[in-house]
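Trainee: So that we are looking at the same thing, I have put the structure below in structure tokens.
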Amino acid sequence: MKILVLVASLLMMSSAFATELKFKCEMKDIHYMNEFSLDAKVISLEGDTFENIEFDFTLKKAGFNTESERLVVNRDGEIKQFEAGTFGQKRSVGLISAVKGAEVELVSLFIDFAGPFHSQIRFLNGMTYYGSCYSL
């Protein structure tokens with residue numbers, strides 16, 4: 001009986017993280033911040049890295065009546081998974097891609113972290129855009 005409970009617990013723990021993650025990022029329309037959004041995206045959570053993923057961002061500079069611009073980047077990076085309760089009530093996932101010296105040095109997307117603006121895109125010139133990402 002104890003073995004059955006142990007096996008059931010292990011199966012539940014191994015299935016705690018899905019193999020795919022569908023998510024999107026949104027702007028909160030705060031006029032004093034540079035913000036970004038990202039339409040729904042599905043990535044595989046198999047392993048602890050991602051390769052050659054295309055991200056199609058919409059960027060909006062701080063201010064009133066600023067125009068949006070599109071940024072498309074292909075990135076490789078790390079996947080960090082956190083159990084529910086670590087950074088919020090839901091399971092959280094971090095997608096991190098840093099390329100020193102590239103035009104876009106950092107793409108850091110944190111999905112389902114508690115609170116807004118945990119995600120960011122940072123350019124070589126230091127310009128940083130913020131967004132809020134969550135699973136669908």
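Trainee: Taking amide H positions as placed 1.01 Å from N in the peptide plane, with prolines and chain starts having none, which residues 5 or more places from LYS90, or on another chain, fall under 5 Å of its amide H?
Mentor: So LYS90 has HN proximity to GLY85.
Trainee: Taking θ = phi - 60°, what integer Hz values does the Karplus form 6.51 cos²θ - 1.76 cosθ + 1.60 yield along region 30-47, in sequence order, with x for Gly and Pro?
Mentor: Those phi angles translate into 9, 5, 9, 10, 6, 10, 9, 9, 8, 5, 3, 9, 10, 10, 7, 9, 6, x Hz.
Trainee: Please check the chain for the longest run free of GluC sites (Glu not before Pro) that are loop-located per DSSP (anything but H, G, I, E, B) and have at most 14 other Cβ atoms within 10 Å.
Mentor: In the chain, the maximal stretch lacking such sites is 1-45.
Trainee: Which value at 222 nm does the chain reach when only helices count, each DSSP H run of 4 or more adding -39,500 (n - 2.57), with the total divided by all residues and rounded to the nearest 500 deg cm²/dmol?
Mentor: The per-residue figure over the chain is -3000 deg cm²/dmol.
Trainee: Based only on Cα atoms, what Rg/Rh ratio does the chain have, Rh being taken as Kirkwood's radius?
Mentor: We get a ratio of 1.06 for the chain.
Trainee: Calculate the spin-label point distance for ALA84 paired with ALA40, positioning each point 7 Å from the Cα along the beta-carbon direction, and give it in nanometres.
Mentor: Once both label points are built, they end up 2.2 nm from each other.
Trainee: Ignoring everything but the protein chains, give the 1.4 Å probe accessible area of LEU106 in square angstrom, nearest 10.
Mentor: 20
Trainee: Give me the lysines in straight-line cross-link reach of LYS24: C-alpha distance below 23 Å, same-chain residues under 8 apart excluded.
Mentor: Excluding near neighbours in sequence, the set is LYS41, LYS60, LYS61, LYS80, LYS90.
Trainee: Follow-up. Go through region 38-136 and name the chymotrypsin sites (Phe, Trp or Tyr not before Pro) that are in a DSSP coil and have 13 or fewer other Cβ atoms within 10 Å of their Cβ. Mind dumping the intermediate values first?
Mentor: Details: sites: PHE50, PHE55, PHE57, PHE64, PHE82, PHE87, PHE110, PHE113, PHE117, PHE123, TYR129, TYR130, TYR134; in loops: PHE64, PHE87, PHE113, PHE117.
Answer in residue order: PHE64.
Trainee: Same structure again: If you roll a 1.4 Å probe over the chain with all protein chains in place, what percent of the accessible area is carbon or sulfur? All intermediate terms of the calculation are to be shown ahead of the outcome.
Mentor: On the way: 4550 of 8430 Å².
In the chain, the share of accessible area belonging to carbon and sulfur is 54 percent.
Trainee: Just grab the label-to-label distance for ASN65 and THR49, each label 7 Å out from Cα along the Cβ direction, in nm (one decimal).
Mentor: 4.9
Trainee: So what is the relative contact order for the chain, in percent, with contacts set as C-alpha pairs under 8 Å and at least six apart? Intermediate results must be reported in sequence, preceding the final value.
Mentor: Working: 298 pairs, mean separation 28.9, N = 136.
Here the relative contact order equals 21 percent.
Trainee: Using only Cα atoms, tell me the angle between helix 2-14 and the longest principal axis of the chain; keep it within 0 to 90° and round to the nearest 10.
Mentor: 10
The values are calculated or read from the model by the stated rules, or taken from the named source; none is laboratory data. In this text the structure is predicted, and so the values were computed from the model without any measurement. With ideal geometry, Cβ positions are generated from the backbone for all residues, glycine too; neighbour counts draw on all protein chains shown. The accessibility values were calculated without ligands, DNA or RNA, using every heavy atom of the protein model including side chains. Shrake-Rupley method; radii C 1.70, N 1.55, O 1.52, S 1.80 Å.
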